[in-house]
Amino acid sequence: MRAGIIGTGAIARAHATAIAELDPRITLVGVADLDPARAVEFADRFGGPATYATADELLAAADLDIVSVCTPPQTHAPLAIAAMRAGVPVLVEKPTALSLAEVDELAAVSEATGVPILTVYQHRFGAAALRLRRLVADGVLGRPLVATCETLWHRPDEYFAVPWRGRWDTEGGG
């Protein structure tokens, strides 16, 4: 499989590392970032895939089997829509979208194009989730009818130095 990554920030490194671990079944063939120097530095670190200045260029040129969207949250929906319209299955970092209207649009585009969209939810396989799954499977909790889960993390001030973090309009949270 041929993979691409849109955005070369911190979370993109985790995607590139996962792709590298699956080689030769999947190969990173292209990355796109609005900062050309950052794209080149990222590509050099992860096996030298081609670099592109825009997501549209990557989607048009790289003949991808899948693309990861690893950009700030307010860009997730538009980039995922562009990927699906280009015929490329898309793996989106969370949050998938910032509004229910965007989620509805993503679902409609996926249905219209027949191209899947998936969202990263890595905590499904964390220790707490696996323990809960075991408790349910063992019948300890009875028959669950509804559940909700909230996770709180402490973030140091430096985490919020990135302009889009911690804002409802750009991250979907405050």
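The values are calculated or read from the model by the stated rules, or taken from the named source; none is laboratory data. Everything quoted here is computed from the prediction, not taken from an experiment. As a convention, Cβ positions derive from the backbone with ideal geometry for all residues, glycine included, and neighbour counts pool all protein chains shown.
Quick notes on this one:
- Flag if R124 is more than 16 Å from the chain's Cα centre (by Cα) and among the charged types (D, E, K, R): no
- Answer residue from region 40-62, given it is assigned to a loop (DSSP other than H, G, I, E, B) and at pLDDT 95 or above and is nearest to L118 (Cα to Cα) among those: T54
- From A39, A43, residue being buried (at least 22 other Cβ atoms within 10 Å of the Cβ) and farther than 15 Å from L91 by Cβ: A39
- Residue among P95, P144, P156 that alone is surrounded by fewer than 14 Cβ atoms within 10 Å (Cβ to Cβ) and either touching a helix residue (DSSP H, G or I) at 6+ places or on another chain (Cβ under 8 Å) or in contact (Cβ under 8 Å) with a residue 40 or more places away in the chain (or both): P144
- Residue check for A108: without any contact (Cβ under 8 Å) to a residue 40 or more places away in the chain, out of contact with any helix residue (DSSP H, G or I) (no Cβ under 9 Å at 6 or more places or on another chain) and either in a helix (DSSP H, G or I) or acidic (D, E) (or both): yes
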